[in-house]
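Heads up: the structure comes next, in structure tokens.
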């Protein structure tokens, strides 16, 4: 399962660029109206009332002569009150659309450019810097569900450093690119789990550390949102250091039990599979072939006195003792790493590493096989 955070959101409401259609909002196309600019939408009105006035600082260079006119109504029923430069909105102004969308700030040649604020009828709002009608620079976007993003914007998308807080309390602080978490970041999830490391298009990608509230910890590489190669530790003292596939032990890896017993070798789908060596804390060990967590094929049993005895096993049962056979060691080709082609999961990652089965316990090699 791929690991992706669900706290990644983009501004969903109609953009300011879409609202400000070229040619629609010029003085020559407007009519003077006695109707004041009053916000009737209760959602927009409530947000407007709770927000502080914009901290606008304007300078008159003397090079531009603007005129401040009363309310002007356009063909679509929207109303603008503010400054004009010849035929276009220029300077400070307020624009209210019939659907309740409210926009105020600094215009430049008909486009919002500088500090501004837009409140949408669905309850979303943005406050911060604009450039040519787009969110650009430092700004705050708040969604109706309580989620928020505060940080840098580029062309209406989160881009650069910022903090994204979800309605459930999850928080990401770090780098964004093109509206997605991308680069170094710190994610704190609602259950208390944390991830610190690299992100790649909203997924864990690269080196990172994931810690669970109960003390479990993974430190290593992620590829396309999946654990790739690293070390997983449990509060009990158990650990696994090696490769993963679909969050399961895979390929080469070493598992160590709290009592000091250890298995080093091949894995498949979370089970010992292929050649591996298992050594118990008392010195008893097995070296040989495994199949789905069980000794299967040729192997050697070594007792506590380090006396070797060769034999053949089948599904964990000793079939026969035998003499050592000289065989050419097979070449262990590194299998091609496979990743699920499904999209990144929207839920915080859950450990799917299976607890070691009874046949993997520190007592499993003490009976049945010898």
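The values are calculated or read from the model by the stated rules, or taken from the named source; none is laboratory data. If you're wondering where the values come from, they're calculated on a predicted model, not measured in any experiment. Methodologically, a virtual Cβ is constructed for each residue, glycine included, from the backbone with ideal geometry; neighbour enumeration extends over all protein chains shown.
Criterion first (in contact with a strand residue (DSSP E or B) (Cβ under 8 Å, 6 or more places away or on another chain), touching a residue at least 24 places away in the same chain (Cβ under 8 Å) and more than 25 Å from residue 156 (Cα to Cα)) does residue 33 satisfy it?
So residue 33 passes the test.
Taking the stretch 202-227 on its own, how many of its residues are in contact (Cβ under 8 Å) with a residue 40 or more places away in the chain, part of a loop (DSSP other than H, G, I, E, B) and surrounded by fewer than 20 Cβ atoms within 10 Å (Cβ to Cβ)?
Within the stretch 202-227, residues that are in contact (Cβ under 8 Å) with a residue 40 or more places away in the chain, part of a loop (DSSP other than H, G, I, E, B) and surrounded by fewer than 20 Cβ atoms within 10 Å (Cβ to Cβ) number 3.
Out of the residues in the stretch 55-93 that are at pLDDT 90 or above and within 39 Å of the chain's Cα centre (by Cα), state the one that is nearest to residue 21 (Cα to Cα).
The qualifying residue nearest to residue 21 (Cα to Cα) is 93.
Any residue in the stretch 263-274 that is in contact (Cβ under 8 Å) with a residue 24 or more places away in the chain sitting within a Cβ distance under 6 Å of a residue that is surrounded by fewer than 18 Cβ atoms within 10 Å (Cβ to Cβ) and not in a strand (DSSP E or B)? List the pairs, counting only those 6 or more apart or interchain.
These pairs meet every condition: 270/354; 271/292.
Residues in the stretch 267-286 that are crowded, with 19+ Cβ neighbours inside 10 Å and either assigned to a strand (DSSP E or B) or out of contact with any strand residue (DSSP E or B) (no Cβ under 6 Å at 6 or more places or on another chain) (or both): how many? Spell out how you get there, then give the answer.
Within the stretch 267-286, the subset crowded, with 19+ Cβ neighbours inside 10 Å is 267, 270-273, 276, 278, 280, 285-286.
Applying the additional criterion that residues be either assigned to a strand (DSSP E or B) or out of contact with any strand residue (DSSP E or B) (no Cβ under 6 Å at 6 or more places or on another chain) (or both) yields 267, 271-273, 276, 278, 280, 285-286.
Looking only at that region, the number is 9.
Taking the criterion of being surrounded by 12 or more Cβ atoms within 10 Å (Cβ to Cβ), at positive phi, at pLDDT 50 or above and under 36 Å from the mean Cα position of the chain (by Cα), would at least one residue in the stretch 287-309 satisfy it? If you could, list the steps in order and put the result at the bottom.
Of the residues in the stretch 287-309, the ones surrounded by 12 or more Cβ atoms within 10 Å (Cβ to Cβ) are 287-303, 309.
Still in the running and at positive phi: 288, 292-293, 297.
Still in the list and also at pLDDT 50 or above: 288, 292-293, 297.
Narrowing the set further to residues that are under 36 Å from the mean Cα position of the chain (by Cα) leaves 292-293.
The answer is yes; a qualifying residue exists.
Spot the failing condition for residue 197; the list is (1) within 30 Å of residue 293 (Cβ to Cβ); (2) part of a strand (DSSP E or B), and only one is missed.
(1)
Pull up the stretch 239-259, narrow it to residues that are surrounded by fewer than 17 Cβ atoms within 10 Å (Cβ to Cβ), part of a loop (DSSP other than H, G, I, E, B) and at pLDDT 95 or above, then point me to the one that is farthest from the chain's Cα centre (by Cα).
Step by step, filter the stretch 239-259, then rank; the result is 259.
Mind checking which residues of the stretch 154-184 are part of a loop (DSSP other than H, G, I, E, B) and on the phi > 0 side of the Ramachandran plot? Steps first, answer last, please.
The first filter runs over the stretch 154-184 and keeps only residues part of a loop (DSSP other than H, G, I, E, B), leaving 155-156, 166-170, 178-179.
The answer is 155, 156, 169, 178, 179.
On the given criteria, is residue 230 without any contact (Cβ under 8 Å) to a residue 40 or more places away in the chain, under 23 Å from the mean Cα position of the chain (by Cα) and either in a loop (DSSP other than H, G, I, E, B) or closer than 27 Å to residue 200 by Cα (or both)?
Values: without any contact (Cβ under 8 Å) to a residue 40 or more places away in the chain: yes; under 23 Å from the mean Cα position of the chain (by Cα): yes; either in a loop (DSSP other than H, G, I, E, B) or closer than 27 Å to residue 200 by Cα (or both): yes.
Yes.
Determine which member of the set 103, 115 is within 15 Å of residue 25 (Cα to Cα), touching a strand residue (DSSP E or B) at 6+ places or on another chain (Cβ under 9 Å), touching a residue at least 12 places away in the same chain (Cβ under 8 Å) and buried (at least 18 other Cβ atoms within 10 Å of the Cβ). Give the steps one after another, and end with the answer.
On the way: 115 fails: within 15 Å of residue 25 (Cα to Cα).
The unique qualifying residue is 103.
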